[in-house]
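Written out below as C-alpha coordinates is the structure these notes cover.
The values are calculated or read from the model by the stated rules, or taken from the named source; none is laboratory data. Bear in mind the structure is a predicted one, so any value in this text is a computation, not a measurement. Note that we place each Cβ from the backbone using ideal geometry, even for glycine, and neighbour counts take in every protein chain shown. We work out accessible area using only protein heavy atoms, side chains counted, and drop any ligands, DNA or RNA first. Shrake-Rupley method; radii C 1.70, N 1.55, O 1.52, S 1.80 Å.
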Amino acid sequence: MSERYDCIIIGAGPAGLAAALYTARDRFKTLVLEKLLPGGQISNTNRIENYPGFEQIDGPGLIEKMQNQAVNFGAEMKTSCEVTRLERLQNSDITIYCDQEKYTARAVIMALGSDYRKLGVPGEDEFRSAGAGVSYCGTCDAPFFKGKQVLAVGGGNTAVEETLHLTKFADKVTLIHRRDELRATRVLTEELLQKTNEPNSNLIIKYSTVATAIEGEGKVQSVRLKNVKTGQEENYPCDGVFIFIGMVPNTGFLKGFVQLTDNGFIKCDCAYLRTNVPGVFVAGDCRIGAAMQLATAVGDGVTAAMMLKQYFRDPGWWNEPVSDILQPGGW
Ligand SMILES: Cc1cc2nc3c(=O)[nH]c(=O)nc-3n(C[C@H](O)[C@H](O)[C@H](O)COP(=O)(O)OP(=O)(O)OC[C@H]3O[C@@H](n4cnc5c(N)ncnc54)[C@H](O)[C@@H]3O)c2cc1C
(Lines give C-alpha, C1' and ligand atoms only; values in the text may rest on other atoms or scores of the structure.)
Protein backbone atom coordinates (compact mmCIF):
# COMPACT_ATOMS: atom_id res chain seq x y z
CA MET A 1 0.00 0.00 0.00
CA SER A 2 1.30 3.46 -0.83
CA GLU A 3 1.08 6.19 1.78
CA ARG A 4 -2.12 8.28 1.47
CA TYR A 5 -1.92 12.07 1.53
CA ASP A 6 -4.69 14.64 1.50
CA CYS A 7 -2.85 16.61 -1.15
CA ILE A 8 0.10 15.88 -3.38
CA ILE A 9 1.63 18.78 -5.23
CA ILE A 10 3.75 18.01 -8.28
CA GLY A 11 6.47 20.61 -8.82
CA ALA A 12 8.25 22.72 -6.21
CA GLY A 13 8.38 25.99 -8.13
CA PRO A 14 6.62 29.14 -6.89
CA ALA A 15 3.13 27.77 -7.66
CA GLY A 16 3.77 24.45 -5.94
CA LEU A 17 5.41 25.97 -2.87
CA ALA A 18 2.63 28.54 -2.43
CA ALA A 19 0.04 25.76 -2.68
CA ALA A 20 1.99 23.67 -0.15
CA LEU A 21 2.09 26.55 2.34
CA TYR A 22 -1.69 26.87 2.20
CA THR A 23 -2.62 23.17 2.29
CA ALA A 24 -0.10 22.38 5.05
CA ARG A 25 -1.20 25.39 7.10
CA ASP A 26 -4.77 24.15 6.73
CA ARG A 27 -3.57 20.91 8.42
CA PHE A 28 -3.93 18.80 5.30
CA LYS A 29 -1.32 16.05 5.00
CA THR A 30 0.74 17.50 2.15
CA LEU A 31 3.56 16.11 0.02
CA VAL A 32 5.46 18.02 -2.66
CA LEU A 33 7.18 15.93 -5.35
CA GLU A 34 9.96 17.66 -7.30
CA LYS A 35 12.03 16.13 -10.06
CA LEU A 36 15.07 18.35 -9.42
CA LEU A 37 15.60 20.66 -6.43
CA PRO A 38 12.95 23.10 -5.16
CA GLY A 39 12.85 26.39 -7.04
CA GLY A 40 11.64 26.02 -10.58
CA GLN A 41 12.48 28.63 -13.22
CA ILE A 42 12.87 31.56 -10.85
CA SER A 43 15.98 29.96 -9.32
CA ASN A 44 17.74 30.91 -12.56
CA THR A 45 17.70 34.60 -11.81
CA ASN A 46 19.56 36.57 -9.20
CA ARG A 47 17.52 39.76 -9.60
CA ILE A 48 13.74 39.93 -9.23
CA GLU A 49 12.26 43.41 -9.08
CA ASN A 50 8.56 42.73 -9.66
CA TYR A 51 7.54 40.51 -6.78
CA PRO A 52 5.42 42.63 -4.44
CA GLY A 53 6.91 43.13 -1.01
CA PHE A 54 10.53 42.79 -2.15
CA GLU A 55 12.11 45.73 -3.94
CA GLN A 56 14.81 43.35 -5.04
CA ILE A 57 15.48 39.72 -4.21
CA ASP A 58 17.35 36.86 -5.83
CA GLY A 59 15.47 33.77 -7.03
CA PRO A 60 17.24 31.18 -4.84
CA GLY A 61 16.83 33.45 -1.77
CA LEU A 62 13.10 33.85 -2.33
CA ILE A 63 12.63 30.12 -2.92
CA GLU A 64 14.49 29.27 0.27
CA LYS A 65 12.02 31.44 2.22
CA MET A 66 9.02 29.91 0.44
CA GLN A 67 10.24 26.38 1.02
CA ASN A 68 11.01 26.97 4.72
CA GLN A 69 7.60 28.55 5.22
CA ALA A 70 5.79 25.54 3.73
CA VAL A 71 7.95 22.98 5.56
CA ASN A 72 7.53 24.80 8.88
CA PHE A 73 3.79 24.29 8.55
CA GLY A 74 4.27 20.57 7.97
CA ALA A 75 4.58 20.11 4.19
CA GLU A 76 6.78 17.15 3.26
CA MET A 77 9.17 17.62 0.37
CA LYS A 78 10.62 14.90 -1.83
CA THR A 79 13.24 15.98 -4.34
CA SER A 80 14.86 14.10 -7.27
CA CYS A 81 11.48 12.47 -7.75
CA GLU A 82 10.08 12.79 -11.26
CA VAL A 83 6.40 11.99 -11.62
CA THR A 84 5.85 9.88 -14.70
CA ARG A 85 2.20 8.79 -14.46
CA LEU A 86 -1.09 9.46 -12.67
CA GLU A 87 -4.10 7.24 -12.27
CA ARG A 88 -7.52 7.97 -10.79
CA LEU A 89 -8.86 5.08 -8.71
CA GLN A 90 -12.45 3.89 -8.33
CA ASN A 91 -12.66 5.43 -4.85
CA SER A 92 -11.64 8.78 -6.48
CA ASP A 93 -8.17 8.80 -4.92
CA ILE A 94 -5.30 9.48 -7.29
CA THR A 95 -2.14 7.40 -7.49
CA ILE A 96 1.03 9.21 -8.47
CA TYR A 97 3.89 7.17 -9.89
CA CYS A 98 7.53 8.28 -9.71
CA ASP A 99 10.53 6.31 -10.97
CA GLN A 100 10.80 4.10 -7.89
CA GLU A 101 7.82 4.91 -5.65
CA LYS A 102 4.13 5.55 -5.80
CA TYR A 103 1.92 7.71 -3.61
CA THR A 104 -1.82 8.18 -3.17
CA ALA A 105 -3.72 11.39 -2.55
CA ARG A 106 -7.29 12.62 -2.20
CA ALA A 107 -6.38 15.54 -4.47
CA VAL A 108 -3.47 16.63 -6.64
CA ILE A 109 -2.21 20.07 -7.64
CA MET A 110 -0.11 20.00 -10.79
CA ALA A 111 2.40 22.84 -10.69
CA LEU A 112 4.74 21.59 -13.40
CA GLY A 113 5.77 24.88 -14.98
CA SER A 114 7.02 25.46 -18.49
CA ASP A 115 10.33 25.98 -20.17
CA TYR A 116 11.08 28.75 -22.61
CA ARG A 117 11.46 27.41 -26.13
CA LYS A 118 15.11 27.71 -27.01
CA LEU A 119 16.71 28.92 -30.21
CA GLY A 120 19.28 26.15 -29.92
CA VAL A 121 22.23 28.23 -31.10
CA PRO A 122 25.78 28.32 -29.71
CA GLY A 123 26.11 30.77 -26.81
CA GLU A 124 22.45 30.60 -25.75
CA ASP A 125 23.01 28.38 -22.71
CA GLU A 126 26.34 30.00 -21.82
CA PHE A 127 24.81 33.47 -21.47
CA ARG A 128 21.41 32.35 -20.15
CA SER A 129 20.81 34.96 -17.43
CA ALA A 130 19.82 38.59 -17.60
CA GLY A 131 23.25 39.51 -16.16
CA ALA A 132 25.06 37.76 -18.99
CA GLY A 133 22.63 38.95 -21.64
CA VAL A 134 20.24 36.19 -22.75
CA SER A 135 16.67 36.53 -21.50
CA TYR A 136 13.28 35.04 -22.33
CA CYS A 137 11.16 37.57 -20.45
CA GLY A 138 11.02 41.25 -21.39
CA THR A 139 8.59 42.03 -18.58
CA CYS A 140 11.11 40.63 -16.10
CA ASP A 141 14.42 41.84 -17.51
CA ALA A 142 13.90 44.88 -19.79
CA PRO A 143 14.82 47.40 -17.03
CA PHE A 144 18.30 45.85 -16.79
CA PHE A 145 18.95 46.99 -20.38
CA LYS A 146 18.24 50.67 -19.92
CA GLY A 147 20.27 52.68 -22.41
CA LYS A 148 21.61 49.53 -24.11
CA GLN A 149 21.26 47.87 -27.48
CA VAL A 150 19.27 44.65 -27.66
CA LEU A 151 18.11 42.08 -30.17
CA ALA A 152 14.64 40.51 -29.92
CA VAL A 153 13.71 37.27 -31.68
CA GLY A 154 10.22 36.14 -32.66
CA GLY A 155 7.12 37.09 -34.59
CA GLY A 156 4.05 36.16 -32.52
CA ASN A 157 1.94 38.20 -30.11
CA THR A 158 4.29 37.79 -27.15
CA ALA A 159 7.29 38.77 -29.27
CA VAL A 160 5.58 41.95 -30.44
CA GLU A 161 4.27 42.96 -27.01
CA GLU A 162 7.59 42.26 -25.34
CA THR A 163 9.50 44.10 -28.07
CA LEU A 164 7.32 47.16 -27.57
CA HIS A 165 8.06 46.91 -23.86
CA LEU A 166 11.80 46.74 -24.57
CA THR A 167 11.66 49.98 -26.56
CA LYS A 168 10.74 51.81 -23.34
CA PHE A 169 14.11 50.90 -21.83
CA ALA A 170 16.76 50.07 -24.43
CA ASP A 171 18.39 52.72 -26.62
CA LYS A 172 18.01 50.55 -29.67
CA VAL A 173 15.91 47.44 -30.25
CA THR A 174 16.12 45.22 -33.35
CA LEU A 175 13.44 42.58 -33.81
CA ILE A 176 14.34 39.72 -36.11
CA HIS A 177 11.82 37.29 -37.55
CA ARG A 178 12.55 34.25 -39.71
CA ARG A 179 9.60 34.85 -42.04
CA ASP A 180 8.81 37.90 -44.17
CA GLU A 181 5.65 38.66 -42.18
CA LEU A 182 4.87 38.72 -38.46
CA ARG A 183 2.43 36.18 -37.00
CA ALA A 184 1.05 38.54 -34.35
CA THR A 185 -2.51 39.92 -34.50
CA ARG A 186 -3.10 42.81 -36.86
CA VAL A 187 -3.65 45.32 -34.08
CA LEU A 188 -0.34 44.45 -32.40
CA THR A 189 1.52 44.39 -35.71
CA GLU A 190 0.16 47.84 -36.59
CA GLU A 191 1.25 49.19 -33.23
CA LEU A 192 4.73 47.81 -33.80
CA LEU A 193 4.99 49.20 -37.31
CA GLN A 194 3.76 52.57 -36.10
CA LYS A 195 6.56 52.54 -33.53
CA THR A 196 9.19 51.85 -36.22
CA ASN A 197 7.85 54.79 -38.26
CA GLU A 198 8.10 57.33 -35.45
CA PRO A 199 10.75 60.03 -35.96
CA ASN A 200 14.00 58.90 -34.30
CA SER A 201 12.44 55.52 -33.55
CA ASN A 202 14.64 53.17 -31.51
CA LEU A 203 13.05 50.12 -33.17
CA ILE A 204 14.08 48.28 -36.33
CA ILE A 205 12.54 45.09 -37.76
CA LYS A 206 14.59 42.68 -39.86
CA TYR A 207 12.51 40.08 -41.68
CA SER A 208 13.70 36.73 -43.08
CA THR A 209 16.49 36.82 -40.56
CA VAL A 210 17.66 34.22 -38.04
CA ALA A 211 20.28 34.25 -35.29
CA THR A 212 22.92 31.56 -35.74
CA ALA A 213 25.21 32.24 -32.76
CA ILE A 214 25.41 34.43 -29.65
CA GLU A 215 28.93 35.62 -28.94
CA GLY A 216 30.89 37.51 -26.33
CA GLU A 217 33.39 37.22 -23.51
CA GLY A 218 31.68 36.75 -20.16
CA LYS A 219 28.56 38.44 -21.51
CA VAL A 220 26.77 38.97 -24.80
CA GLN A 221 28.60 41.32 -27.16
CA SER A 222 27.20 40.37 -30.54
CA VAL A 223 24.94 38.01 -32.43
CA ARG A 224 25.55 36.40 -35.80
CA LEU A 225 22.59 37.00 -38.09
CA LYS A 226 21.76 35.33 -41.37
CA ASN A 227 19.25 36.37 -44.01
CA VAL A 228 17.46 33.15 -44.94
CA LYS A 229 16.63 34.40 -48.43
CA THR A 230 19.97 35.80 -49.53
CA GLY A 231 22.22 33.76 -47.25
CA GLN A 232 24.02 37.00 -46.32
CA GLU A 233 25.55 37.00 -42.81
CA GLU A 234 26.34 39.87 -40.47
CA ASN A 235 27.77 40.35 -37.02
CA TYR A 236 25.29 42.39 -34.99
CA PRO A 237 26.74 44.14 -31.90
CA CYS A 238 24.37 44.20 -28.89
CA ASP A 239 24.28 43.88 -25.11
CA GLY A 240 21.40 41.48 -24.83
CA VAL A 241 19.25 38.97 -26.71
CA PHE A 242 15.57 38.48 -25.86
CA ILE A 243 14.14 35.24 -27.20
CA PHE A 244 10.35 35.17 -27.57
CA ILE A 245 9.60 32.03 -29.55
CA GLY A 246 7.14 30.32 -27.22
CA MET A 247 6.90 28.15 -24.15
CA VAL A 248 6.96 24.38 -23.75
CA PRO A 249 4.93 23.15 -20.76
CA ASN A 250 6.31 20.18 -18.78
CA THR A 251 3.21 18.10 -19.41
CA GLY A 252 4.27 15.41 -21.90
CA PHE A 253 3.61 12.59 -19.43
CA LEU A 254 0.01 13.71 -18.87
CA LYS A 255 -1.25 12.91 -22.38
CA GLY A 256 -4.29 10.65 -22.05
CA PHE A 257 -4.77 11.44 -18.34
CA VAL A 258 -5.86 15.06 -18.46
CA GLN A 259 -7.02 17.33 -21.29
CA LEU A 260 -4.25 19.41 -22.86
CA THR A 261 -4.24 22.10 -25.52
CA ASP A 262 -2.47 21.41 -28.82
CA ASN A 263 0.57 23.17 -27.35
CA GLY A 264 0.51 20.97 -24.26
CA PHE A 265 -0.93 23.43 -21.72
CA ILE A 266 -3.32 21.90 -19.18
CA LYS A 267 -6.93 22.87 -19.78
CA CYS A 268 -8.81 24.18 -16.75
CA ASP A 269 -11.50 26.59 -15.72
CA CYS A 270 -9.45 29.68 -15.03
CA ALA A 271 -11.48 30.72 -11.94
CA TYR A 272 -11.10 27.58 -9.80
CA LEU A 273 -8.27 25.83 -11.67
CA ARG A 274 -10.16 22.52 -11.99
CA THR A 275 -9.05 20.19 -14.79
CA ASN A 276 -11.34 17.68 -16.45
CA VAL A 277 -10.27 15.03 -13.89
CA PRO A 278 -12.07 15.44 -10.54
CA GLY A 279 -9.60 16.10 -7.71
CA VAL A 280 -6.82 17.25 -10.05
CA PHE A 281 -6.11 20.98 -9.99
CA VAL A 282 -3.50 22.90 -11.96
CA ALA A 283 -1.48 25.99 -10.99
CA GLY A 284 1.12 28.26 -12.58
CA ASP A 285 2.87 28.35 -15.93
CA CYS A 286 1.72 24.91 -17.15
CA ARG A 287 -1.94 25.90 -17.41
CA ILE A 288 -3.88 27.43 -20.24
CA GLY A 289 -3.98 31.23 -20.01
CA ALA A 290 -1.13 31.55 -17.51
CA ALA A 291 0.46 34.99 -17.30
CA MET A 292 3.89 33.34 -16.90
CA GLN A 293 4.91 35.46 -13.94
CA LEU A 294 6.15 34.68 -10.47
CA ALA A 295 3.34 36.54 -8.71
CA THR A 296 0.61 34.94 -10.81
CA ALA A 297 2.09 31.46 -10.32
CA VAL A 298 2.02 32.06 -6.56
CA GLY A 299 -1.56 33.33 -6.84
CA ASP A 300 -2.55 30.18 -8.74
CA GLY A 301 -1.02 27.95 -6.08
CA VAL A 302 -3.08 29.74 -3.44
CA THR A 303 -6.29 29.52 -5.51
CA ALA A 304 -5.90 25.79 -6.12
CA ALA A 305 -5.23 25.17 -2.41
CA MET A 306 -8.31 27.16 -1.42
CA MET A 307 -10.52 25.41 -3.96
CA LEU A 308 -9.28 22.00 -2.81
CA LYS A 309 -11.19 22.60 0.45
CA GLN A 310 -14.35 23.14 -1.54
CA TYR A 311 -13.77 19.81 -3.32
CA PHE A 312 -13.18 17.98 -0.02
CA ARG A 313 -16.39 19.47 1.44
CA ASP A 314 -18.47 18.59 -1.62
CA PRO A 315 -16.95 16.42 -4.39
CA GLY A 316 -20.05 17.11 -6.52
CA TRP A 317 -18.90 20.75 -6.74
CA TRP A 318 -16.33 19.62 -9.31
CA ASN A 319 -18.91 19.48 -12.06
CA GLU A 320 -20.68 22.70 -11.18
CA PRO A 321 -20.20 25.54 -13.66
CA VAL A 322 -18.23 28.61 -12.66
CA SER A 323 -20.59 30.83 -10.66
CA ASP A 324 -22.70 33.29 -12.66
CA ILE A 325 -21.34 36.08 -10.56
CA LEU A 326 -17.98 35.61 -12.28
CA GLN A 327 -19.39 36.42 -15.70
CA PRO A 328 -18.86 40.02 -16.87
CA GLY A 329 -21.82 42.08 -15.72
CA GLY A 330 -22.85 39.45 -13.18
CA TRP A 331 -21.69 41.40 -10.14
C1 LIG B 1 15.71 33.37 -15.97
C2 LIG B 1 14.30 33.67 -15.56
C3 LIG B 1 14.01 34.86 -14.95
C4 LIG B 1 12.70 35.15 -14.57
N5 LIG B 1 12.47 36.33 -13.95
C6 LIG B 1 11.22 36.63 -13.54
C7 LIG B 1 10.96 37.86 -12.87
O8 LIG B 1 11.87 38.66 -12.63
N9 LIG B 1 9.68 38.11 -12.50
C10 LIG B 1 8.64 37.22 -12.75
O11 LIG B 1 7.50 37.53 -12.38
N12 LIG B 1 8.86 36.06 -13.38
C13 LIG B 1 10.12 35.74 -13.79
N14 LIG B 1 10.35 34.56 -14.45
C15 LIG B 1 9.20 33.67 -14.69
C16 LIG B 1 8.91 32.82 -13.42
O17 LIG B 1 10.09 32.20 -12.98
C18 LIG B 1 7.84 31.78 -13.72
O19 LIG B 1 6.66 32.42 -14.17
C20 LIG B 1 7.52 30.96 -12.47
O21 LIG B 1 8.67 30.31 -11.99
C22 LIG B 1 6.44 29.91 -12.75
O23 LIG B 1 6.28 29.14 -11.60
P24 LIG B 1 5.67 27.65 -11.66
O25 LIG B 1 5.71 27.16 -10.26
O26 LIG B 1 4.39 27.69 -12.39
O27 LIG B 1 6.65 26.82 -12.59
P28 LIG B 1 8.21 26.52 -12.49
O29 LIG B 1 8.94 27.62 -11.84
O30 LIG B 1 8.64 26.13 -13.85
O31 LIG B 1 8.29 25.25 -11.53
C32 LIG B 1 7.83 23.99 -11.94
C33 LIG B 1 8.55 22.91 -11.13
O34 LIG B 1 7.98 21.64 -11.46
C35 LIG B 1 9.01 20.69 -11.56
N36 LIG B 1 8.54 19.58 -12.41
C37 LIG B 1 8.23 19.63 -13.74
N38 LIG B 1 7.81 18.42 -14.17
C39 LIG B 1 7.88 17.58 -13.09
C40 LIG B 1 7.58 16.21 -12.91
N41 LIG B 1 7.16 15.42 -13.91
N42 LIG B 1 7.75 15.66 -11.67
C43 LIG B 1 8.18 16.42 -10.63
N44 LIG B 1 8.48 17.75 -10.77
C45 LIG B 1 8.32 18.32 -11.97
C46 LIG B 1 10.16 21.47 -12.19
O47 LIG B 1 11.42 20.84 -11.97
C48 LIG B 1 10.03 22.81 -11.47
O49 LIG B 1 10.78 22.83 -10.27
C50 LIG B 1 11.65 34.23 -14.82
C51 LIG B 1 11.94 33.02 -15.45
C52 LIG B 1 13.24 32.73 -15.82
C53 LIG B 1 13.56 31.42 -16.48
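Please list, by residue number, every one of the trypsin sites (Lys or Arg not before Pro) in segment 235-331 that is coil in DSSP and has at most 16 other beta-carbon atoms within 10 Å.
Those satisfying the criteria are Lys255, Lys267.
For segment 67-115 and segment 249-275, what is the centre-to-centre distance using only Cα atoms, to the nearest Å?
16
Carbon-plus-sulfur fraction of the accessible area of segment 1-110, 1.4 Å probe, in percent?
43
Counting DSSP beta bridges in segment 1-134, what percent are antiparallel, to the nearest 5?
45
Express in whole angstrom the spacing between the alpha-carbon centres of segment 172-200 and segment 291-308.
Centre-to-centre distance over Cα atoms comes out at 33 Å.
Considering only DSSP beta bridges with both partners in segment 95-234, what is the antiparallel share in %, to the nearest 5?
55
Work through the residues other than Arg85 whose Cβ is under 13 Å from its Cβ and net out their charges, Lys, Arg +1 and Asp, Glu -1.
Result for the local shell: -1.
In the structure shown, do any of Lys146/Lys229; Lys102/Lys267; Lys65/Lys267; Lys168/Lys206 have a Cα-Cα gap over 27 Å, and if so which?
Flagged as over cut-off: Lys146/Lys229; Lys65/Lys267.
Which of the chymotrypsin sites (Phe, Trp or Tyr not before Pro) found in segment 9-110 are loop residues per DSSP with 16 or fewer other Cβ atoms within 10 Å of their Cβ?
Phe73
Quick one: which of 225-237, 39-51 comes out on top by average Cβ neighbours within 10 Å, and what's the full order, highest first?
Put in order of decreasing packing, that is 39-51, 225-237.
Sorting check: for 5-16, 156-167, which peptide has the highest mean count of neighbouring beta carbons within 10 Å, and how do the rest follow?
The most tightly packed comes first, giving 5-16, 156-167.
On a 0 to 90° scale, report how tilted helix 59-72 is relative to the longest principal axis of the chain, with both axes built from alpha carbons and the result rounded to the nearest 10.
10
Under the rule a/c < 1.5 gives rounded, and otherwise a/b versus b/c splits prolate from oblate, where does segment 202-270 land using the Cα gyration tensor?
prolate
Residues with beta-carbon under 13 Å from that of Tyr136, excluding Tyr136: net charge, scoring Lys, Arg +1 and Asp, Glu -1?
-3
At a 1.4 Å probe radius, carbon and sulfur cover how many percent of the accessible area of segment 152-224?
Within segment 152-224, the accessible surface is 43 percent carbon and sulfur.
Could you do me a favour and compute the accessible area per residue for segment 242-331, 1.4 Å probe, result in Å²?
Result: 46 Å² per residue.
Classify segment 12-82 from the C-alpha gyration tensor, please: rounded if a/c falls under 1.5, else prolate or oblate depending on whether a/b exceeds b/c.
It is oblate, given that a/c is not under 1.5 and a/b is not larger than b/c.
Round to a whole number: what % of the accessible area of segment 253-331 belongs to carbon and sulfur, probe 1.4 Å?
So the carbon and sulfur contribution to the accessible surface is 54 percent.
Give me the accessible area per residue for segment 1-156, probe 1.4 Å, as a whole number in Å².
47
In terms of the Cα gyration tensor, with a ≥ b ≥ c the square roots of its eigenvalues, is segment 239-291 rounded because a/c is under 1.5, prolate because a/b exceeds b/c, or oblate?
Verdict is prolate for segment 239-291.
Could you please report the charge total around Thr174, scoring K, R as +1 and D, E as -1 over all other residues with beta-carbon less than 13 angstrom from its beta-carbon?
+1
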